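The values are calculated or read from the model by the stated rules, or taken from the named source; none is laboratory data. All values reported here derive from a predicted model rather than from experimental measurement. All Cβ positions, glycine included, derive from the backbone under ideal geometry; neighbour counts span all protein chains shown. For accessibility, only protein heavy atoms count, side chains too; no ligands or nucleic acids. Shrake-Rupley method; radii C 1.70, N 1.55, O 1.52, S 1.80 Å.
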Amino acid sequence: MESLRLYVRLVRLSMQARLQYRADFIMGLLNIIALNAINLGLIGIIVYRFVDLNGWIIWELFFLYCLWLLGHCLYSLFFWHFWELEEYIVQGTFDQFLLRPASPFIQFLGREVQYIGLADMSVAIVGLILAYTNLHLHWSLGQWLFFPVVVISGTLIETALVLMMACVAFWAGRSSMAINLVMEFNVLVQHYPIDIFGMWFRVVVTGLIPVAFMNYYPALMLLGKVDPQSPSAWLGYMSPVVAVILLLIASGVWHLALRRYSSAGG
Amino acid sequence: MKIFWSFARSTFQFIVAYRFDFFMEFVLAVLRMYGIYWVWRILYTQRPGAFGVTLEQMTTYGVMGMALEMFIWSRPQWYMANQIKSGAIDTDLMKPLDFHWYMLARSIGEMFIGVGVLGLPALIIAFIFLGVQFPPDVASGLLFVVSMLFGFLLLFHLNFLLGSLAVVALDIRHISWAYFSVVRFLGGQIVPLWLFPPFVAVIAEALPFKGTYYIPISIYIGKLTGLDAFKALGFQAVWLVVLVVLSRLLWSAAHRRLVVQGG
């Protein structure tokens with residue numbers, strides 16, 4: 001509770017600093033919306049001539065994209081600056097978090113909120129509503145209750161993965177390329193249903209870098225595409241479990257990294 | 001010769017210093033090629049008739065789109081934005097070399113590193129594992145090389161124009177996200193223009209972006225041949241002239257503004 005209050009105060013401070021650049025804020029929002037529109041346009045063009053991609057029609061693909069995006073936007077709102085962890089470490093400014101009598105993690109989190117994530121959020125919500133109506137979906141109460149769980153799990157899965165990759169900086173000094181690697185798998189999973197890819201790719205995004213749990217497996221269930229006889233039908237419900245396991249690992253890595261940390265300041 | 005060796009040495013040192021980054025970049029490139037390869041393969045098996053080309057041509061197009069990025073990618077805009085933001089741009093302007101040519105020389109250097117360290121190895125992987133084919137004949141291969149060089153120059157100038165905007169906008173990070181996806185989309189890096197719906201194709205056909213990916217790769221896979229290929233090269237050349245003139249004009253306008261800002 002105490003740390004939540006601290007987090008909110010820190011975020012308010014950083015937002016005040018950020019709001020000085022209002023034009024930049026608006027440009028950021030517009031550009032993110034344009035970026036997503038172009039991505040969706042590309043997916044649209046790919047299936048425009050072919051009606052479907054391995055049995056996924058256009059609105060199902062949009063659903064897949066936007067379900068991922070909704071989980072991702074919460075990540076980018078609150079945790080985007082994991083990217084910048086390496087800068088704090090290389091320049092030795094990470095020390096400031098260790099000197100104050102509060103959790104270094106909370107202090108680091110409170111450094112920033114990336115509110116252009118709001119643009120992602122609006123695209124995702126509009127896209128999901130359009131997909132839901134155009135696909136004539138009628139979710140049961142259970143599916144409605146499970147939907148927010150999927151979104152939050154998606155956020156936590158991405159956050160945990162990126163945090164682990166960011167911690168690479170404690171050992172290697174650099175981490176942005178490691179984060180890029182996770183994001184590349186992420187982008188592929190966001191754009192295309194993983195059943196079009198070869199076996200090893202599916203194994204990687206299910207077991208090793210489990211980003212398929214952000215959208216693909218739950219989407220199978222939410223879109224009614226899952227075959228109840230299939231031996232892997234249960235994967236659609238595993239997102240929260242995967243999220244919890246990843247968070248535990250990430251938290252372990254973080255604490256290990258903190259113990260490993262020796263300042264660059266010397 | 002001496003200059004060449006000193007250049008080669010500094011390049012080598014650069015690569016060694018960033019070997020982890022280069023390695024990861026390479027892995028990313030292979031992943032992207034793998035992804036697009038499967039997309040086209042699956043779509044093609046669904047409807048072989050809808051493409052107007054063979055399966056091998058289509059997957060080659062997709063994979064080459066990803067590979068070409070490492071051949072023609074230059075990043076003058078980041079350098080320009082950084083120098084303008086930090087104010088270090090004045091040391092660049094004091095150099096006895098025209099700024100535009102200086103940026104071009106830098107970008108050519110970057111391109112050689114990119115091609116040697118990322119582009120060629122990625123292509124070898126693509127040839128072995130992703131069934132990428134050679135051009136149908138020698139002429140197509142030669143025209144492809146010419147067209148790719150045009151593509152490099154076109155993309156350089158588009159990026160240079162974006163970098164010039166940094167004088168006014170100061171931060172081009174956000175604009176560049178949308179800009180990159182426009183280049184990829186209208187340039188035909190992922191989906192070739194002949195698969196576009198008519199109303200988008202009309203726009204894409206007129207703009208210079210298609211000279212970056214679409215034209216070189218279409219020549220490579222043998223979709224554009226003979227007179228059509230030469231027409232496409234002409235299209236690239238005309239746009240290149242336009243973009244060079246635009247770059248000169250915009251930069252000199254930006255330069256004046258910069259001097260005023262500096263006081």
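Some points to look at:
- Checking each residue in the range A:151-176 for being in contact with an Asp or Glu (Cβ under 8 Å, 6 or more places away or on another chain), among the small types (Gly, Ala, Ser) and within 9 Å of chain B (Cβ to nearest Cβ) picks out only A:SER176.
- Within the range B:41-74, the set of residues being at the interface with another protein chain (Cβ under 9 Å from one of its Cβ atoms), within 19 Å of A:VAL189 (Cα to Cα) and of a type outside the set (A, V, I, L, M) comprises B:ARG41 only.
- Taken together, the criteria place A:PHE78 among residues that are more than 30 Å from B:THR45 (Cα to Cα), at pLDDT 85 or above and either away from chain B (no Cβ under 14 Å) or open to solvent by 40 Å² or more (accessible area, probe 1.4 Å) (or both).
- Residue count for the range B:74-92 under the criterion of being open to solvent by 30 Å² or more (accessible area, probe 1.4 Å), at pLDDT below 80 and not in a loop (DSSP other than H, G, I, E, B): the result is 4.
- Total residues in the range A:225-264, condition open to solvent by 60 Å² or more (accessible area, probe 1.4 Å) and either at pLDDT 85 or above or touching an Asp or Glu at 6+ places or on another chain (Cβ under 6 Å) (or both): 10
Let's see how each residue does on (1) free of Cβ contacts under 8 Å to residues at least 40 places away in the same chain; (2) over 18 Å from A:PHE79 (Cβ atoms); (3) open to solvent by 10 Å² or more (accessible area, probe 1.4 Å); (4) more than 11 Å from every other protein chain (Cβ to nearest Cβ):
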| site | (1), (2), (3), (4) |
| --- | --- |
| A:ALA178 | yes, no, no, no |
| A:MET183 | yes, no, yes, no |
| A:VAL187 | yes, no, yes, no |
| A:PRO193 | no, yes, no, no |
| A:VAL203 | yes, yes, yes, yes |
| A:LEU208 | yes, yes, yes, yes |
| A:VAL211 | no, no, no, yes |
| A:MET214 | no, no, no, yes |
| A:ALA219 | no, yes, no, yes |
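- Lone qualifier among B:LEU186, B:LEU240, B:LEU233 - being open to solvent by less than 30 Å² (accessible area, probe 1.4 Å) and within 14 Å of chain A (Cβ to nearest Cβ): B:LEU186
- Given (1) part of a helix (DSSP H, G or I); (2) more than 14 Å from chain B (Cβ to nearest Cβ), index of the condition A:GLY224 fails: (1)
- Every residue from the range B:161-183 that is facing another protein chain (nearest Cβ under 9 Å) and open to solvent by 30 Å² or more (accessible area, probe 1.4 Å): B:ALA169, B:LEU170, B:ASP171, B:ARG173, B:ILE175, B:TRP177, B:TYR179, B:PHE180, B:VAL182
- Entry remark, the range A:123-158: residues being polar (S, T, N, Q) and open to solvent by 50 Å² or more (accessible area, probe 1.4 Å) number 3 in total.
- Picking from residues in the range B:140-160 that are aromatic (Phe, Trp, Tyr) and farther than 15 Å from B:PRO216 by Cα, the one that is farthest from the other protein chains (Cβ to nearest Cβ) is B:PHE156.
- Within the range B:26-33, at least one residue is in a helix (DSSP H, G or I) and crowded, with 23+ Cβ neighbours inside 10 Å.
- Hey, B:VAL63 modelled with pLDDT of 90 or more, among the β-branched types (Val, Ile, Thr), surrounded by 13 or more Cβ atoms within 10 Å (Cβ to Cβ) and assigned to a helix (DSSP H, G or I) or not: yes
- Test result for A:ALA17, within 14 Å of chain B (Cβ to nearest Cβ), free of Cβ contacts under 8 Å to residues at least 12 places away in the same chain and either part of a helix (DSSP H, G or I) or within 21 Å of A:LEU135 (Cα to Cα) (or both): no
- Scanning the range A:21-37 for any residue that is polar (S, T, N, Q) and either touching a strand residue (DSSP E or B) at 6+ places or on another chain (Cβ under 8 Å) or assigned to a helix (DSSP H, G or I) (or both) turns up at least one such residue.
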